[in-house]
Amino acid sequence: MSATPTTAVTTSIGFTELVTLLKDIFSRHGASPEVARVLADNCARAERDGAHSHGVFRIPGYVSTLDSGWVNGQAVPVVEDVASGFVRVDAANGFAQPALAAARPLLVAKARSAGIAVLAIRNSHHFAALWPDVEPFAEEGLVALSVVNSMTCVVPHGADRPLFGTNPIAFAAPRADGPPIVFDLATSAIAHGDVQIAARQGERVPPGTGVDSLGQPTQDPKAILEGGALLPFGGHKGSALSMMVELLAAALTGGNFSFEFDWSNHPGAKTPWTGQLLIVIDPSKTAGQDFAQRSQELVRQMHAAGLRRLPGDRRHRTRANAEREGIRLDGDELARLRELARG
Ligand SMILES: NC(=O)C1=CN([C@@H]2O[C@H](COP(=O)(O)OP(=O)(O)OC[C@H]3O[C@@H](n4cnc5c(N)ncnc54)[C@H](OP(=O)(O)O)[C@@H]3O)[C@@H](O)[C@H]2O)C=CC1
Ligand SMILES: O=C(O)C1=NCCCC1
């Protein structure tokens with residue numbers, strides 16, 4: 001995006017208007033109508049729910065990636081019905097979300113008939129928050145778990161150099177008296193996007209987040225981004241989960257490990273070309289009791305134990321505000337988005 005003076009004036013935009021604006025940007029930068037529709041919806045949802053590291057903040061990255069030719073914005077995913085509980089998609093060097101959208105009807109049908117179904121997406125680029133991929137399944141009464149591996153920037157616990165991606169895990173389950181229980185977390189101490197935002201805003205990151213180019217602990221986001229690296233959350237435990245994500249999202253799908261791609265011949269490219277795995281379970285086939293009532297009981301007991309905030313509560317509060325008052329955006333940022341949509 002071009003440099004424009006910052007005035008810190010905030011403005012608001014409706015969800016539908018933001019989706020239309022983002023669709024125009026994606027289309028203008030080489031995405032097919034279907035790809036533009038899916039990505040715009042995903043990115044607007046993230047912004048609406050306050051997931052700022054994966055909302056409109058990502059648009060310049062999407063645009064430069066599409067412009068560089070690194071990702072195919074016109075890709076048509078190839079869905080294969082490989083086994084009773086298994087669906088495989090070749091995203092054809094496109095984004096992961098259109099691949100999921102293409103495979104979704106078959107995946108849900110299989111989960112409902114067999115009780116469980118697995119979706120393996122390969123040759124894909126995931127540049128977004130993961131919860132929008134799982135939350136809709138729980139809204140339909142299904143339990144969903146997804147993992148995606150990303151670009152190398154995390155030092156495995158006990159190692160000397162980065163190897164893993166920030167490798168998020170997202171989970172969604174229905175509950176009786178409220179929105180689904182959803183969490184979505186990077187297995188690094190902090191998402192790479194949040195380090196970029198901290199650097200842009202001149203803020204420090206929390207202790208224990210990353211190291212500089214000499215492997216020394218640092219709270220300076222620029223030192224992490226420029227030759228340094230991130231650490232897994234929770235030491236060996238987060239590191240083990242990150243390793244699991246590499247195995248499930250890359251080895252099991254036929255995708256790249258986080259360290260296996262090289263975008264250096266595509267200046268401006270930002271997205272990792274990796275893989276994604278989704279597991280969808282129909283709880284009516286397993287528990288022999290009402291799963292949504294059982295998850296509600298768990299939430300009730302957690303609240304009774306003093307819990308004030310469930311994962312997802314902050315997102316739902318932000319969503320409710322956005323539905324009342326519009327999605328709040330910096331005025332200059334909105335102007336830059338409009339400029340990108342014009343060409
Ligand atoms: N595509 C990719 O390759 C990658 C994408 N990402 C994305 O980055 C995003 C940010 O990840 P990350 O920084 O780890 O997320 P956070 O640490 O902000 O949040 C992780 C989860 O914990 C919940 N949570 C946070 N604080 C609390 C609290 N005090 N009490 C209870 N629950 C809490 C959040 O709910 P709530 O949302 O309601 O705050 C969320 O579900 C994710 O959407 C992830 O998918 C990250 C890495 C790579
Ligand atoms: O924030 C992150 O970490 C990432 N987000 C999108 C893709 C790469 C890593």
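Every number in this text was worked out from the coordinates using simple rules, so none of it is lab data. Predicted model, so just to flag it, every value in this text is computed and none were measured. Virtual Cβ from ideal backbone geometry, glycine too; neighbours counted across all protein chains shown.
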* Asked: Between His266 and Ser68, what length in nm is gained on full extension when 0.36 nm per residue of separation is reduced by their alpha carbon distance?
  -> 70.7 nm
* Assuming R0 = 35 Å, what is the FRET efficiency of Asp330 and Asn93, from their Cβ-Cβ distance, to the nearest 0.05? -> 0.60
* Mind giving me the nanometre distance, one decimal, between the label points for Phe86 and Asn321, set 7 Å out from Cα along Cα→Cβ? => 4.6 nm
* Label point distance in nm, Ser12-Asp160, each placed 7 Å from Cα along Cα→Cβ -> 5.5 nm
* Report the Stokes-Einstein translational diffusion coefficient (µm² s⁻¹, integer) for the range 189-231, Rh taken as the Kirkwood radius over Cα pairs, at 4 °C with viscosity 1.567 mPa s. => 135 µm²/s
* Structure fact -> Bridge orientation stat for the chain from DSSP, antiparallel percent rounded to 5, came to 85 percent
* To do: Could you work out how far the C-alpha centroid of the range 186-211 sits from that of the range 30-51, in angstrom?
  => 24 Å
* Asked: Rounded to two decimals, what is Rg over Rh for the range 144-295 when you use alpha-carbon atoms and the Kirkwood radius?
  -> 1.05
* Principal axis dimensions, largest first and in whole angstrom, of the chain by Cα -> 59, 47, 45
* Asked: How about the range 65-171: which GluC sites (Glu not before Pro) there are in a DSSP loop, with at most 15 other Cβ atoms within 10 Å of their Cβ?
  -> Glu140
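Percent of Cα-Cα pairs more than 16 Å apart in the range 87-165, please.
Working: 1754 of 3081 pairs.
So the pairs more than 16 Å apart make up 57 percent of the total in the range 87-165.
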* Asked: In vacuo Debye scattering of the range 156-244, one point per C-alpha: log10 I(q)/I(0) at q = 0.12, 0.15 Å⁻¹?
  -> -0.40, -0.58
* To do: Determine the shape class of the range 35-111: with a ≥ b ≥ c the square roots of the Cα gyration tensor eigenvalues, call it rounded for a/c under 1.5, and otherwise prolate if a/b is greater than b/c, oblate otherwise.
  => oblate
* In nm, to one decimal, how far is the modelled label at Ala251 from the one at Arg28, with both set 7 Å along Cα→Cβ? -> 4.5 nm
* the range 1-80 - convex hull of alpha carbons, volume per residue in Å³ -> 117 Å³
* Asked: If you take the beta carbon distance between Gln216 and Ala240 as r and set R0 to 41 Å, what does 1/(1 + (r/R0)^6) give as a FRET efficiency, to the nearest 0.05?
  -> 0.95
* Structure fact -> Taking Cα atoms only, Rg over Rh for the range 256-343 with Rh from the Kirkwood formula is 1.15
* Structure fact -> If each part is reduced to its alpha-carbon centroid, the range 105-165 and the range 275-335 end up apart, in Å, by 17 Å
